[in-house]
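Remarks on the structure that follows.
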Amino acid sequence: MKVTINVTRNDLLSDITGSDNTLFFSKLEEIFAQMLTEKKYLPDGVESVEVSLAVLTSAEMQDVNFEFRELRESTDVLSFPLWEEDEKFTPPADWEPLPLGDIVICPAAIRANAESAGKTFAAELALVILHGFLHLIGWDHDTQEKEDAMWAEQDRILSAGGF
């Protein structure tokens, strides 16, 4: 399984590891590939997936959040899954590579969350990207039971991945 994260405006994330975030995103791609393989989320025959990751300023994120959720505030992450039908992840088997959807993040909100939680920016960034990725493959947190399960899965994956 191969996962590719296509990052738009990576320069807004330059403080993760200096000017090159290749290692950070390679590690996330490996973690996501392992998870997809172990949990068998994808139809047989799908060997590669792509995720679009857009990095926005606070003002841009506020606009997107208002457009899609009617909330006039910035947020850390939004997800736009391609294969959600009746709240279920229903990807086709005949796409190669299979695009999963878009994740939109805001470094300023991520930085604020990291500071209030006493975490590094990179650890919080990994969490919000994973959170967005889980939404792309059908996870949600619209009930307490689903939220508990999603948070536990995030913790498991991040711990296993060394974040």
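The values are calculated or read from the model by the stated rules, or taken from the named source; none is laboratory data. Source: prediction; values computed, not measured. All Cβ positions, even for glycine, are placed from backbone atoms using ideal geometry, and neighbour counts span all protein chains on display. Remember, those area values only see protein heavy atoms, side chains included, never the ligands or the DNA or RNA. Shrake-Rupley method; radii C 1.70, N 1.55, O 1.52, S 1.80 Å.
Would you check if there is a residue in the stretch 121-131 being more than 17 Å from the chain's Cα centre (by Cα), surrounded by fewer than 21 Cβ atoms within 10 Å (Cβ to Cβ) and modelled with pLDDT under 95?
No, every residue in the stretch 121-131 fails to be more than 17 Å from the chain's Cα centre (by Cα), surrounded by fewer than 21 Cβ atoms within 10 Å (Cβ to Cβ) and modelled with pLDDT under 95.
The set of residues in the stretch 132-153 being touching a residue at least 24 places away in the same chain (Cβ under 8 Å) and open to solvent by 10 Å² or more (accessible area, probe 1.4 Å) consists of 135, 138, 140. Looking across the stretch 64-76 at every residue that is in contact with a Leu (Cβ under 9 Å, 6 or more places away or on another chain) and assigned to a helix (DSSP H, G or I), the one that is surrounded by the most Cβ atoms within 10 Å (Cβ to Cβ) is identified as 65. Among the criteria (1) assigned to a loop (DSSP other than H, G, I, E, B); (2) of a type outside the set (D, E, K, R); (3) open to solvent by 30 Å² or more (accessible area, probe 1.4 Å), the one residue 7 does not fulfil is (1). The single condition among (1) closer than 23 Å to residue 39 by Cβ; (2) out of contact with any Pro (no Cβ under 9 Å at 6 or more places or on another chain); (3) crowded, with 20+ Cβ neighbours inside 10 Å that residue 51 does not meet is (2). Among the criteria (1) more than 23 Å from residue 153 (Cβ to Cβ); (2) open to solvent by 40 Å² or more (accessible area, probe 1.4 Å); (3) among the polar types (S, T, N, Q), the one residue 37 does not fulfil is (1). Just wondering, is there one or more residues in the stretch 22-32 that are open to solvent by 50 Å² or more (accessible area, probe 1.4 Å), among the charged types (D, E, K, R) and in contact with a Pro (Cβ under 8 Å, 6 or more places away or on another chain)? The answer is no, given that none of the residues of the stretch 22-32 is open to solvent by 50 Å² or more (accessible area, probe 1.4 Å), among the charged types (D, E, K, R) and in contact with a Pro (Cβ under 8 Å, 6 or more places away or on another chain). Residues in the stretch 119-146 that are touching a helix residue (DSSP H, G or I) at 6+ places or on another chain (Cβ under 7 Å), more than 15 Å from residue 157 (Cβ to Cβ) and among the acidic types (Asp, Glu): 140 only.
Assess whether residue 61 counts as being surrounded by 14 or more Cβ atoms within 10 Å (Cβ to Cβ), more than 17 Å from residue 10 (Cα to Cα) and under 16 Å from the mean Cα position of the chain (by Cα). Judged against the criteria, residue 61 is not a match. The set of residues in the stretch 77-92 being over 18 Å from residue 44 (Cα atoms) and in a loop (DSSP other than H, G, I, E, B) consists of 82, 86, 87.
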